[in-house]
């Protein structure tokens, strides 16, 4: 059964950051990337060139004989792409944390292949570290996806839609909101004529710290120690910045509640 | 003038993380640590042993002939230590971001030597990366502190109390609040039976990303792209978690406002 699904050839739909990073990683494991499909043929060609693959700009031109179809397109486009694709016998997966496998149900073999990481154009990500969250339409397909995922990463998890959504929202907290705090801190320093590069070592160390200790143990600061005098001073510094003041109040209230009630 | 203040010998007051990390770094630059002073003689001895220094448990026993006195004690204790210390001719500095240099005014030569980083007991910090923020009671003392700081770090800034306080509060955002987001995300995964280690690569990459691009460019997520459907789903997932819901609402509102108004 597993042999029947053995993955050797891949079609990549999408040409963004996720498509690029995953396709390059798949190529490195020895797979052949047959095609890159993107509405924008220039984008398709750029990525296909790197992968020694063909470029196509329409789902109707997709090679029907591939073993694995990776739909790495924006969440809202997954259903559209699935509808446009020809029937294929290979395994069709999307890479989204918030989309049900069900949108791919027209395909006999389908699944989810969700990398829990943020990818950027000009940064090489270490794929071997990335947690891959997989789901499949059958145990046989699941086995094949597992085999594929462990070639890419040492961190592979089987999970359903409900769990994937929870992981995704946790990612919003530690990525989107954390990054927004970085942006707010940077703006505040800039507006006060201070060098924003001073933030970087602290940002890195704050992140690195939770590899060795739980964030609960790592928690420090005025709210953690119940230092109301410093808290008052800080709020005063934000008197002309309603947004920062609101963020400061909420966190301080919640940290005080957690550690001092 | 600079020669008169040339620093060769150091007394460290305090035995916590800041005291330990800075004292070890000072030792590595070739300085002699004469004493470690801590109310708790066992703590003083532990650190002094590492530094080949003497341990004392009272400010009255402090060596009066050192060139540099580093007061790395909790903010609330700096004034107390200063009051108890004998008059000395060396430079007396505290290491606090939120304490005025004024609390050391009884000393002829004083200053601030504030490392903008979080230090932990069991993690080696790369001091050469840490921004040192310095202030001094005179230009001559400032020159000496600059010379000392550049031996420790490639990142040295002269700033006054008002600027230091602003930097400190920016640190609260990118360290304390960010860490609280990590803790909340971890709790949420735990409560849902998911492996918290899945968060670590994303946490690290989110931090590392802002070395190459501004947090403004790095901002992603449902609020950034104005994806109200996903936002509604996320809020629904937090229906039994008032704290998380509050945090989610505030960030989402502010990110929507910043990018979509």
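Give me the percent relative contact order of the stretch B:38-125, please, defined on Cα pairs under 8 angstrom at least 6 residues apart. Each step should come with its number before you reach the end.
Numbers: 117 pairs, mean separation 18.7, N = 88.
Once divided by the residue count of the stretch B:38-125, the mean separation gives 21 percent.
Grab every C-alpha pair in chain A, bin the distances at 5 angstrom width from 0 up to the longest one, and report whole percents. Calculated over all Cα pairs of chain A, the distribution is 1, 5, 11, 14, 15, 12, 9, 8, 8, 7, 5, 3, 1, 0 percent.
Sorting B:70-80, A:174-184 by average packing, meaning the other beta carbons within 10 Å per residue, from highest down gives A:174-184, B:70-80.
Restricting attention to chain B, close to 20% of DSSP beta bridges with both partner residues there are antiparallel. Taking a ≥ b ≥ c as the square roots of the eigenvalues of the Cα gyration tensor, the stretch A:83-220 is classed as prolate, since a/c reaches at least 1.5 and a/b is larger than b/c.
In terms of overall dimensions, the C-alpha atoms belonging to the protein assembly as shown reach 86, 42, 40 Å along their principal axes, ordered largest to smallest.
Pairs of Cα atoms under 8 Å, at least six residues apart: use those to get the relative contact order of the stretch A:127-171, whole percent. In percent, rounded to a whole number, it is 47. Angle, helix A:178-191 long axis vs. longest principal axis of chain A, Cα atoms, 0 to 90°, nearest 10? That helix lies at roughly 50 degrees to the long axis.
Taking every DSSP bridge with both residues inside the protein assembly as shown, close to 20 percent are antiparallel. Relative to the longest principal axis of the Cα atoms of chain B, helix B:17-28 runs at roughly 60 degrees.
With the helix formula -39500 (n - 2.57) applied to DSSP H stretches of n ≥ 4, chain B reaches a computed 222 nm mean residue ellipticity of -14000 deg cm²/dmol. Rounded, prolate or oblate: which fits the stretch A:1-135 when a ≥ b ≥ c are the square roots of the eigenvalues of the alpha-carbon gyration tensor, with rounded for a/c under 1.5 and prolate only if a/b beats b/c? Cα axes put the stretch A:1-135 in the rounded bin. In terms of other Cβ atoms within 10 Å, B:191, B:240 run from fewest to most in the order B:240, B:191.
Rounded, prolate or oblate for the stretch B:20-77? Axes are the square roots of the Cα gyration tensor eigenvalues, ordered a ≥ b ≥ c, and the cut-off for rounded is a/c under 1.5. Could the numbers behind the result be given before it?
On the way: a/c = 1.32, a/b = 1.30, b/c = 1.02.
Note, shape of the stretch B:20-77 comes out rounded.
Of all residues in chain B, the one whose Cβ lies closest to the rotation axis carrying B onto A, together with that distance in whole Å, is B:207, 2. Distances between copies of residue A:161, taken at a point 7 Å out from Cα along the Cα→Cβ vector and listed shortest first: 6.0 nm. I'd like the antiparallel share, as a percent to the nearest 5, of DSSP beta bridges with both residues in the stretch A:9-159. In the stretch A:9-159, DSSP labels about 20 percent of beta bridges as antiparallel.
If you average the alpha carbon positions of the stretch B:7-77 and of the stretch A:96-161, how far apart do those two centres end up, in angstrom? Computed from Cα coordinates, the inter-centre distance equals 53 Å. Counted over the stretch B:194-247 with a bin width of 10 Å, the fraction of Cα pairs per bin, in whole percents, is 19, 34, 42, 5. Give the angle, between 0 and 90 degrees and rounded to the nearest 10, that separates the Cα long axis of helix B:75-84 from the longest principal axis of the Cα atoms of chain B. For B:75-84 against chain B, the angle is about 10 degrees.
Bear in mind these aren't lab numbers, they're just calculated from the coordinates by the rules spelled out. Keep in mind it's a predicted model, so treat the numbers as computed, not measured. All Cβ positions, even for glycine, are placed from backbone atoms using ideal geometry, and neighbour counts span all protein chains on display.
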